[in-house]
């Protein structure tokens, strides 16, 4: 069998398919959290209950009037009907007057 030489160059293939969805513009950042309502979303993994308590305490000290909608209001965001839960979120956030969201997840 003849020996092939490639001089150190090999053909490669990108393992991903072309993008199926266009990138969307990010929402503009809030100028301040003062007086805003922040929702907490959590997947019930790691220590979100502890992390959110500390985060809430720190943000209340820095931004007077900031309010929170607890992760308890939304339940586990990572469950068997996750797609349905996430699809319903925008309307639920509007109903609750939420200005911003902190989504906690563990790996």
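Each residue in the range 48-95 was checked for being out of contact with any strand residue (DSSP E or B) (no Cβ under 9 Å at 6 or more places or on another chain) and touching a residue at least 24 places away in the same chain (Cβ under 8 Å), and 4 of them qualify.
Yes/no matrix, rows are residues, columns are (1) in a loop (DSSP other than H, G, I, E, B); (2) loosely packed, with under 10 Cβ neighbours inside 10 Å; (3) touching a strand residue (DSSP E or B) at 6+ places or on another chain (Cβ under 9 Å); (4) modelled with pLDDT of 95 or more:
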| residue | (1), (2), (3), (4) |
| --- | --- |
| 2 | yes, yes, no, no |
| 10 | yes, yes, no, no |
| 34 | yes, no, no, yes |
| 44 | yes, no, yes, no |
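If I ask for residues that are within 24 Å of residue 97 (Cβ to Cβ) and under 17 Å from the mean Cα position of the chain (by Cα), which ones from the range 7-36 would you list? Once the filter is applied, which keeps residues that are within 24 Å of residue 97 (Cβ to Cβ) and under 17 Å from the mean Cα position of the chain (by Cα), the range 7-36 yields 24, 25, 26, 27, 28, 29, 30.
The values are calculated or read from the model by the stated rules, or taken from the named source; none is laboratory data. On a predicted model such as this, the values are computed, not experimentally measured, just so you know. With ideal geometry, Cβ positions are generated from the backbone for all residues, glycine too; neighbour counts draw on all protein chains shown.
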